[in-house]
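See below for the structure under consideration.
The values are calculated or read from the model by the stated rules, or taken from the named source; none is laboratory data. For clarity, every value in this text was computed on a predicted model and none was experimentally measured. With ideal geometry, Cβ positions are generated from the backbone for all residues, glycine too; neighbour counts draw on all protein chains shown. With ligands, DNA and RNA removed, areas are computed over all heavy atoms of the protein, side chains included. Shrake-Rupley method; radii C 1.70, N 1.55, O 1.52, S 1.80 Å.
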Amino acid sequence: MPGQQKRVAVGYKKHEAFSRSQHGGVSFATFDRLSQFVLESGADPHGLGRWVWMKISSGSLVTIVVVAYLPCKSKAGATSNKHRRETVYNQQGRYFRSIGDVRCPRAIFVDHIGQQLALWKQSVCQILMFADANSNVYDGILTTELQRDEIRMADVCEAVLGHRSPNSHASGSLPITGVFATSDLVAQHVFQSAHGFGLGDHRVFVVDIDLTQLLGSEYSQLVRLPGRKLQAKRYRVRKAYNKSLRDNIRRHKLIEKYHQLYQSHESMSPQEIGQRINQLDRE
């Protein structure tokens, strides 16, 4: 959305490249007002695109929002050898074996995300996590880890809906997509779509959480001002930008005005000089 204020975090596998449509990866975006409160963001430190996160705060509360993908185990014989080689599960398996970890990639994921969540929780952060767990969100491998005393995160949908979530995937039988949160965060409303509502083969989740729960009610910290980064790597963009800059300098006669200010600045107070410079900047 050009011109709209936003912050984006993207994670993808950096160690192999089969094609432009390689399996795996996660992303997360904030828009408009919420994006002003994003202090920092990051991704899975192993460069596998297993999760991304953003730290959101106004100064009174700190909330970590995570989007994660736990790969499903590849089924032997279900697909071609080429397809099995390119699955997220096998991509991650090859990477971890190359650094000496021969455990199941799913077990490694749970171990690593558990350690990271515990660190955030220890630093007095609230946590909200959207996860494709590829296991039952009520008693699966990821949920068992989230129930540890050091983490204590639970599915938010059941508390609002009054019943457990239905099957997530169109051809599946289990709820494998979940929204988990620490006890500090309570959802007001939850929507789970029918299959076919969105672009993929999973249900679409919409979770309504009051902004004061994420940020608090005291906005004592200065927020990030909106802005757009100049794409300076492209020659065409640089050329157009420089031309526009030169045209504006000539039209507003900025060089002449700065020269006049320089000649008369000794007879002006610092406040007057600052006002004149600010006025020229606005032009």
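Accessible surface area normalised per residue over the range 9-123 is 49 Å², counting heavy atoms of protein chains with a 1.4 Å rolling probe. Among the DSSP helices (H) of the chain, those spanning at least 20 angstrom by Cα along their long axis with an average Kyte-Doolittle hydropathy of -0.5 or more are 105-122; this is a geometric and hydropathy rule only. In a reduced charge model with +1 at each Lys and Arg Cβ and -1 at each Asp and Glu Cβ, the range 13-68 shows a dipole moment near 100 debye about its Cα centre. Rank I249, H83, G198 by how far each Cα sits towards the positive end of the charge dipole of the chain (+1 on Lys, Arg Cβ; -1 on Asp, Glu Cβ) and give me just the farthest. The residue sitting most towards the positive pole is I249. Taking the chain as a Gaussian network of alpha-carbon nodes connected by springs under 10 Å, the highest mean-square fluctuation of the residues Q22, Q263, Q231 belongs to Q263. Counting heavy atoms of the protein chains alone, C125 has an accessible area of about 10 Å² for a 1.4 Å probe. Taking the DSSP beta bridges with both ends in the chain, the antiparallel portion is around 80 percent. For the residues V66, V204, V156, a GNM of the chain with alpha-carbon springs under 10 Å puts the largest fluctuation on V204.
Pairs of alpha carbons in the range 131-189 separated by more than 17 Å make up 37% of all such pairs. This model, with +1 at the C-beta of Lys and Arg and -1 at the C-beta of Asp and Glu, gives the chain a dipole about its Cα centre of some 1860 debye. Ranked by solvent-accessible area (1.4 Å probe, protein heavy atoms only, all chains present), the residues V10, V102, V110 order from largest to smallest as V102, V10, V110. Report summary: the helix-based calculation at 222 nm, which adds -39500 (n - 2.57) for every DSSP H run with n ≥ 4 and divides by the residues of the chain, gives -10000 deg cm²/dmol.
If you find the alpha carbon centre of the range 233-283 and of the range 176-202, how far apart are they in angstrom? The range 233-283 and the range 176-202 have Cα centres spaced 51 Å from each other. If you wrap the range 84-126 in the convex hull of its Cα atoms and look at it from every side, the mean projected area works out to 3.7 nm².
As a ratio to 2.2 N^0.38 Å, the alpha-carbon radius of gyration for the chain is 1.33.
The alpha-carbon of K14 sits under 17 angstrom from the alpha-carbons of these aspartates and glutamates, leaving out residues fewer than 8 places away in its chain: D44, E86.
Among F18, V110, Y95, which residue has its Cα positioned farthest towards the positive end of the charge dipole of the chain, with +1 placed on the Cβ of Lys and Arg, -1 on the Cβ of Asp and Glu, and the dipole taken about the Cα centre? Towards the positive end, the residue furthest out is F18. Shape index of the range 47-161: Rg/Rh, with Rg the Cα radius of gyration and Rh the Kirkwood radius from the inverse mean 1/r over Cα pairs, equals 1.02. Couplings 3J(HN,Hα) for the range 46-54, derived from phi with the Karplus relation 6.51 cos²θ - 1.76 cosθ + 1.60 (θ = phi - 60°), are 7, x, 10, x, 7, 7, 10, 8, 9 Hz, where x marks Gly and Pro.
Once you reduce the range 49-74 and the range 146-169 to the center of their Cα atoms, the two points are 16 Å from each other.
Basic side chains Lys and Arg get +1 at the Cβ, acidic Asp and Glu get -1 at the Cβ, and with that the dipole of the range 147-283 about its Cα centre reaches some 1460 debye. Among R103, R148, R20, the largest mean-square fluctuation in a Gaussian network model of the chain (Cα springs under 10 Å) belongs to R20. The reciprocal of the average 1/r between distinct C-alpha atoms defines the Kirkwood hydrodynamic radius, which for the range 92-150 equals 12.6 Å. Among beta bridges identified by DSSP and lying wholly in the range 1-136, the antiparallel ones come to about 75 percent.
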